[in-house]
1. Restricting attention to the range 218-230, and to residues there that are touching a residue at least 12 places away in the same chain (Cβ under 8 Å) and more than 13 Å from V288 (Cα to Cα), which single residue is surrounded by the fewest Cβ atoms within 10 Å (Cβ to Cβ)?
2. Which of the residues that make up the range 25-51 are touching a Lys or Arg at 6+ places or on another chain (Cβ under 9 Å) and within 19 Å of G12 (Cβ to Cβ)?
3. Which of the numbered conditions does D215 fail, given that it passes all the others? Conditions: (1) in contact with a helix residue (DSSP H, G or I) (Cβ under 8 Å, 6 or more places away or on another chain); (2) within 28 Å of A90 (Cβ to Cβ); (3) surrounded by 21 or more Cβ atoms within 10 Å (Cβ to Cβ).
4. Mind checking which helices (runs of 4 or more DSSP H) fall wholly inside the range 1-76 and carry at least 1 residues that are of a type in the set (S, T, Y)?
5. With the requirement that a residue be loosely packed, with under 13 Cβ neighbours inside 10 Å and either among the small types (G, A, S) or over 22 Å from I214 (Cα atoms) (or both), what does the range 269-288 give you?
6. Take the range 70-103 and flag every residue that is over 22 Å from H20 (Cβ atoms) and in contact with a helix residue (DSSP H, G or I) (Cβ under 6 Å, 6 or more places away or on another chain).
7. With the requirement that a residue be small (G, A, S), outside any loop (DSSP other than H, G, I, E, B) and more than 15 Å from I18 (Cβ to Cβ), what does the range 104-129 give you?
8. Being more than 30 Å from L50 (Cβ to Cβ) and crowded, with 23+ Cβ neighbours inside 10 Å narrows it down to one of I123, I154, so name that one.
Amino acid sequence: MSIQTVGVVGAGQMGNGIAHVFALAGYDVLMTDISEDALASALRLIDKNLTRQVARGKIEDATKDKAIKRIATTPKLADLGQTDLVIEAATEREAVKTAIFEDLVPHLGRDTILTSNTSSISITRLASRTDRPEKFMGFHFMNPVPVMQLVELIRGIATDEATYTQLQQVVESLGKTAATAEDFPAFIVNRILMPMINEAVYTLYEGVGSVASIDSAMKLGTNHPMGPLELADFIGLDTCLAIMNVLHDGLADTKYRPCPLLTKYVEAGWLGRKTQRGFYDYRGEVPVPTR
């Protein structure tokens, strides 16, 4: 089966980025969200990001116009049943993702491939709650999707070879590179990245360094483009905590214990850039460290 139409569940940071790159690559995209305001906001953001690509000479005006016309939205999850490939990009909570798949399955075509953009949750377990575990995979894009070149492909225990091969081809058609990961908690990127961020939070928690000194040390000392605390704010501290909990629960190793300070920030609702406060305060013209 040739994949021509793509359904995206979730119009947030990841969902709108996924819709952007698929439309730009020539696929017809249908995006859904429980919030119609979120859908409208996503379309505006996609238009803004495409305009930025035009200004930088990455794409032509005509290419941008065609991409925008390929994206449609719907508030009804069932409408995605008509697509060839569905990418779930909802919040990083297993109960939410499972409910979405259970609601969607009765409306799917026989050959529709189901995927999740989860950054940490078991693909095998998510697939088992559907009627097509052999046509289910992890399809993990990096943030921001239009910029980052990597896509993690994660096979569940039941994923068949044809599905894997087809999604490899889809990644190539997007101009991105696939990395194959086994279905273990947090896969490759977040298995390595999140403990580093968590250790940076411990370094702050234990008073070894301030927010500014920790980020400066990693940017200037290891040539990272962003410091770990700045990066945590960009990802979302709630997402970081959720992934650390998946690692801790799934691998039962104390080295993955979430730092209490990370938990405290999430409990305070200081989730990073999206709430204007995290390890930095973003309410002014220049971000200011909060510790």
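1. Step one: filter the range 218-230 for residues touching a residue at least 12 places away in the same chain (Cβ under 8 Å), giving 218, 227-230.
After this cut, where a residue has to be more than 13 Å from V288 (Cα to Cα) as well, the list is 218, 227-228.
Numbers: M218: 21, G227: 24, P228: 26.
If we take residues in the range 218-230 being touching a residue at least 12 places away in the same chain (Cβ under 8 Å) and more than 13 Å from V288 (Cα to Cα), then M218 is surrounded by the fewest Cβ atoms within 10 Å (Cβ to Cβ).
2. Initial filter on the range 25-51 (touching a Lys or Arg at 6+ places or on another chain (Cβ under 9 Å)): 26-29, 32, 47, 50-51.
Across the range 25-51, the qualifying residues are V29, T32, D47, L50.
3. (2)
4. Working: elements: 13-24, 36-55, 61-69.
In the range 1-76, the matching helices (runs of 4 or more DSSP H) lie at 36-55, 61-69.
5. First pass over the range 269-288, keeping only residues loosely packed, with under 13 Cβ neighbours inside 10 Å: 269, 283-286.
G269, G284 - these are the residues of the range 269-288 that are loosely packed, with under 13 Cβ neighbours inside 10 Å and either among the small types (G, A, S) or over 22 Å from I214 (Cα atoms) (or both).
6. Scanning the range 70-103 gives A78, G81, D103.
7. Just the residues of the range 104-129 that are small (G, A, S), to begin with: 109, 116, 119-120, 122, 127-128.
Add one more test, that the residue is outside any loop (DSSP other than H, G, I, E, B), and what stays is 116, 127.
Within the range 104-129, just A127 meets the criteria.
8. Numbers: I154 fails: more than 30 Å from L50 (Cβ to Cβ).
The match here is I123.
The values are calculated or read from the model by the stated rules, or taken from the named source; none is laboratory data. For clarity, every value in this text was computed on a predicted model and none was experimentally measured. Virtual Cβ from ideal backbone geometry, glycine too; neighbours counted across all protein chains shown.
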